[in-house]
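Engineer: Supplied in C-alpha cells, the structure appears directly below.
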Amino acid sequence: MSASPFPLIEYDLSRVDARSALVAWDRLRPGRRRTDRLWIGLGGIGGAVGGLSGALLADGEPILWWILALMLVPGVAFGVAVVWLMLFVTRRQRADIVIASGAMPVGPQRVWLDLDGAHHDRPGVSHLLSWAALGEPRQVGGHLIVPLAAATPQAPTGAAVAFILPASLGQPTLESAARMLTAGPGALQRAQDVGRHPSPVLHGEVVLADYVAFNRHFLVTPAGRQQQWMLAATGALLGAFAGYVILGQFTGGLVAVILGAVLAAGGIVVLARSQVGTQAEALVRSGTYDVGPGAWWFDDEEVYARIGGSRIGVAWESVTSVELAGRVGIVWFGRSIAIVVPRSAPGADAFLAAVASRVDGLHRGRQR
C-alpha cells in the first residue's frame, strides 16, 4: 500500500444520505426533466379523461359547461398528483434497489488518494480506481458525488457513481476533496505500490459475454429475486393507475385496476429479464464493468483482481462463496457484488477451486 499525501477521509455513509445523493444524481441525468414533464402531462390528460368520463351526461342530459369544468379541474389535479407521486416513489425505489444490492455500499468507509488513483475502502474490501476511470466530482444535494469517467446517460441509477462523500463531512472537507480529485495525480507525491503475490497470477481476458453470464446468474440469486419483486411492485402500482384511467372506460373499476396491475407487473419483469445483455453493455460503456486483459491472485489476507484501470482486493473474511456460472466463476463478497473470473483463462478452474477451498475452510473454522 502506498502512502498518500492526501488526508485520509473516514466516514459512515448512512442509507438516508446514500439515497438522497442517488436521487439527486438521478434528477441530473440528461433528458430526465423532460421525461418527467411528459409523464406528468400524460397524467393530467389521463386524470382529465377519468374526471370527464362520468360527468359528460347526467341522467341522460347534457350538463352545464361550468359543472363540466368543475369536474375537469380535480381530475387533472388528481392525475398530475398521482404521476408525480409515482415518479417520486420510483426514483427513491431505484436508489433503494442500488443500495440493497450492495452496488452502493453504506456504512463505515474511507477514501484516500495516491499516484495510482482513488482508494475507496470499506471493511473487508479495498477498491482502487485509476485516475483515468474517475470523472469530475460534483456537489449535488449537499453531497460530493464522484462519477465514473466513462459513464453514459443510459447507465442505470448508481452504476455511474464511483463513491459518495456525504454532506455530514462538512463543506471545507468536501471542497478540499473536490480540489484534489480535480487536480489529479500531478498534485500528489509519487509513491510505490508494493503488492504481495504469493499465489500464481492468473491472466485472462474479460469480455462482455462474461458479464452477461454474471448478470443472468444474478437473477436467480436471492438479491436478484428481491429486485424483480420490487420492480413488479412498482409496475403494479403504475399499472393499476393506468388500468383505472384507460381500461376503466370499458369495464368495471376494480377489474380494470387488477388487470392493469397484473399486466404491468408481469410485463416489467419480463422486460427486465430480456434486457440482461443490454444492461451489461450499458454497464461496460459506463465503466462500471471493466473489460480487457485482467489478472487475479490472492495472498494470506485478500483475493485480488485487476482489470483495466481498476483493482480490487477483498479480505478473506468478506468472501461469502464461490460459484461456477457457465463461462465465468463468481467470487461473491456481497449480495450482488463479486469478482468475476473468466473460465476461458488457462488455469481458471484450478484458481477458483483454490479460492473455494480456502473459503470453505474459513467457514468451517467459524462454525467450530
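Engineer: All but one of (1) of a type outside the set (S, T, N, Q); (2) part of a helix (DSSP H, G or I); (3) loosely packed, with under 15 Cβ neighbours inside 10 Å; (4) touching a residue at least 12 places away in the same chain (Cβ under 8 Å) hold for ASP210, so report the exception by its number.
Structural biologist: Every condition holds for ASP210 apart from (3).
Engineer: Return yes when VAL328 is at pLDDT 90 or above, within 21 Å of the chain's Cα centre (by Cα) and at negative phi and no when it is not.
Structural biologist: Answer is no for this residue.
Engineer: Same structure again: Based on what the data block shows, is ALA256 farther than 24 Å from GLY224 by Cα, small (Gly, Ala, Ser) and in contact with a Phe, Trp or Tyr (Cβ under 6 Å, 6 or more places away or on another chain)?
Structural biologist: yes
Engineer: Please verify whether ILE268 is assigned to a helix (DSSP H, G or I) and under 19 Å from ALA223 (Cβ atoms), treating the condition exactly as stated.
Structural biologist: When the stated conditions are applied, ILE268 passes them.
Engineer: Something else: Determine whether ILE97 is at pLDDT below 85, surrounded by fewer than 16 Cβ atoms within 10 Å (Cβ to Cβ) and not acidic (Asp, Glu).
Structural biologist: In short, no.
Engineer: Moving on. In segment 93-182, which strands (runs of 3 or more DSSP E) lie fully inside it and hold 2 or more residues that are farther than 30 Å from GLN226 by Cα?
Structural biologist: Answer list for segment 93-182: 107-114, 117-122, 138-140.
Engineer: A follow-up question, please. Confirm whether GLY75 is assigned to a helix (DSSP H, G or I) and at pLDDT below 70.
Structural biologist: yes
Engineer: Inside segment 273-368, counting only strands (runs of 3 or more DSSP E) that do not spill past its ends, which hold 1 or more residues that are free of Cβ contacts under 8 Å to residues at least 24 places away in the same chain and surrounded by 14 or more Cβ atoms within 10 Å (Cβ to Cβ)?
Structural biologist: Correct list: 302-307, 328-332.
Engineer: Something else about it: Checking the structure you have, find out if any residue of segment 37-50 is at pLDDT 70 or above and closer than 15 Å to VAL161 by Cβ.
Structural biologist: The answer is no; no qualifying residue exists.
The values are calculated or read from the model by the stated rules, or taken from the named source; none is laboratory data. The shown structure was predicted, so the numbers you read here are calculated from the model rather than taken from an experiment. Backbone-built Cβ (ideal geometry, glycine too); neighbour counts: all protein chains shown.
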